[in-house]
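Below is one structure, written out as structure tokens, with a few remarks after it.
The values are calculated or read from the model by the stated rules, or taken from the named source; none is laboratory data. All values derive from a computational prediction rather than experimental measurement. Cβ atoms come from the backbone with ideal geometry, glycine included; neighbour counts cover every protein chain shown.
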Amino acid sequence: MSKKRRQSSGPPAPGAGPSASPPMAPRPPLSHLPAAGWKRNVLRAVLAVGAPALLLAAAEGGLRLAGYGYPTSYFVMTDDGHTLAPNRRFGWQFMRRETATQPYPATMPARKPAGVRRIFTVGESAAQGTPAPAFGFGRILEEMLRERFPGSRFEVVNVAVRGINSHVVRLVVRECARLEPDAFLVYMGNNELVGLHSPSPDGLNVTPCLRLLRLGQCVKRAKLAQMIENLIRAVRKDAAKRPEQDMAFFRRRRLAADDPRRQAVYGNLRANLEDICGAARRAGAKVIVSTMAANLQDFPPLASLHRANLAPAELAAWESAWAQATNAEARGQSAAALTNYLDAARLDDRFAELRFRLARRALAAGQKEAAQKHFGQAPVKVWKAAESKRPGSPAFPVCVSMAVRREARRTAVLS
């Protein structure tokens, strides 16, 4: 007993006293933490994300219940509740309101009458029939079908819109696919390189991000987005000013044939065309896709671009040969003009107008194969929206036609 007392009455440890706290026990590993801890963190994360989402959803729902904003669908129901008409404000979600184009005015029954074959023509201004849609190929097709099949009933609906491209055509087709279609006639491609979601010469290039582009388009269809746009227009007086889409506007948006930004445009066209054909097939409709017509002989390029690595000395020599060629051509000296054009082509054959003039000289000399080669190269060298505004323009790039043909073969549709 005395030995135990002597052991317990030894000197205290350094720093220890009657009020010293016992040593801290080691923390348990994270895997042994109470379940309430990580559940609380998950709840906080859900509230941080879910609460704003619920508020936005409530605001969006309230605006829709209040009838705020404009409809974003292509068709709207008329007052009789049985007839569909084009939405005149459909283009507001894609373009500035001051420059937004409108669909061709026409009506159709919401439910397809029995025994009727419903055909939709989709595309841009060429498909719509600009400048006279009443004489467009959709109307011509309808009359031809009625004459060829007098015992059948056909309904050809023109849903093409001037100034749009495949990004918008895709949405129109998806909506028309719910209206009991029998066939789609797709004629588009002129506005891919200069139009909605095309490469911008000044801003950030987001053309390769197709999913981001489609997500942004979905956001623009929301009523909240419309309200924000209206507030911006009310604050900024210049927001409602009509932008000038003159020749300078289109010149700034020219893309050379070897510009790498073109590949994203072609990729988006293929993806949109695939979605268009898929939506039509799922609706049980046939699809006819067409490449764009081009009058290569009668429509010269409105502007051209030199190759990027053309040295100043080469440019000066090219301009000298070009001046001699154009002067000789003006004087009717075809042989001298052709010689100087060829001299210029050896320095830079990327200039679109040079190819066009070489084609005209070859055609005048009876060299049809050479003329066809030069005519075919001229629209590839440079593409401008100003040329594509006219049906039959040569500005449509060959690569877009190739993309249309590839998709037609891949999806087994008619072309």
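Against the definition (outside the structural domain of residue 218 (by TED's automatic domain parsing) and modelled with pLDDT of 90 or more), how does residue 50 come out, yes or no?
no
Looking only at residues in the stretch 131-149 that are surrounded by 13 or more Cβ atoms within 10 Å (Cβ to Cβ) and in contact with a Gly (Cβ under 8 Å, 6 or more places away or on another chain), the one that is nearest to residue 285 (Cα to Cα) is 138. Among the residues of the stretch 198-221, those identified as part of a loop (DSSP other than H, G, I, E, B) and small (Gly, Ala, Ser) are 198, 200, 203. Of the residues examined, residue 83 is not one that is over 21 Å from residue 273 (Cβ atoms) and modelled with pLDDT under 95.
Here 174, 178 are screened, and the one residue that is more than 28 Å from residue 251 (Cα to Cα), at pLDDT 95 or above, touching a helix residue (DSSP H, G or I) at 6+ places or on another chain (Cβ under 8 Å) and basic (Lys, Arg) is 174. Restricting to the stretch 343-370, give me the number of residues that are surrounded by 16 or more Cβ atoms within 10 Å (Cβ to Cβ), more than 35 Å from the chain's Cα centre (by Cα) and under 21 Å from residue 314 (Cα atoms). The number of residues fulfilling the criteria is 3. Restricting the first member to the stretch 220-235 and to residues that are within 15 Å of residue 98 (Cα to Cα), and the second to residues that are modelled with pLDDT of 90 or more, no beta-carbon pair is closer than 8 Å while six or more apart or on different chains.
Residues in the stretch 55-80 that are part of a loop (DSSP other than H, G, I, E, B) and closer than 18 Å to residue 104 by Cα: 71, 72, 73, 74, 78. From 261, 282, which residue is surrounded by fewer than 18 Cβ atoms within 10 Å (Cβ to Cβ) and in contact with a strand residue (DSSP E or B) (Cβ under 8 Å, 6 or more places away or on another chain)? Residue meeting the stated conditions: 261.
Taking residue 368, is it modelled with pLDDT under 80 and among the charged types (D, E, K, R)? It is false that residue 368 is modelled with pLDDT under 80 and among the charged types (D, E, K, R).
Going residue by residue through the stretch 308-329, is there one that turns out to be surrounded by fewer than 20 Cβ atoms within 10 Å (Cβ to Cβ) and either touching a residue at least 40 places away in the same chain (Cβ under 8 Å) or under 30 Å from residue 174 (Cβ atoms) (or both)?
Going through the stretch 308-329, the residues surrounded by fewer than 20 Cβ atoms within 10 Å (Cβ to Cβ) turn out to be 308-317, 319-320, 323-324, 326-329.
Now narrow it down to the ones that are either touching a residue at least 40 places away in the same chain (Cβ under 8 Å) or under 30 Å from residue 174 (Cβ atoms) (or both): 308.
There is at least one residue in the stretch 308-329 that is surrounded by fewer than 20 Cβ atoms within 10 Å (Cβ to Cβ) and either touching a residue at least 40 places away in the same chain (Cβ under 8 Å) or under 30 Å from residue 174 (Cβ atoms) (or both).
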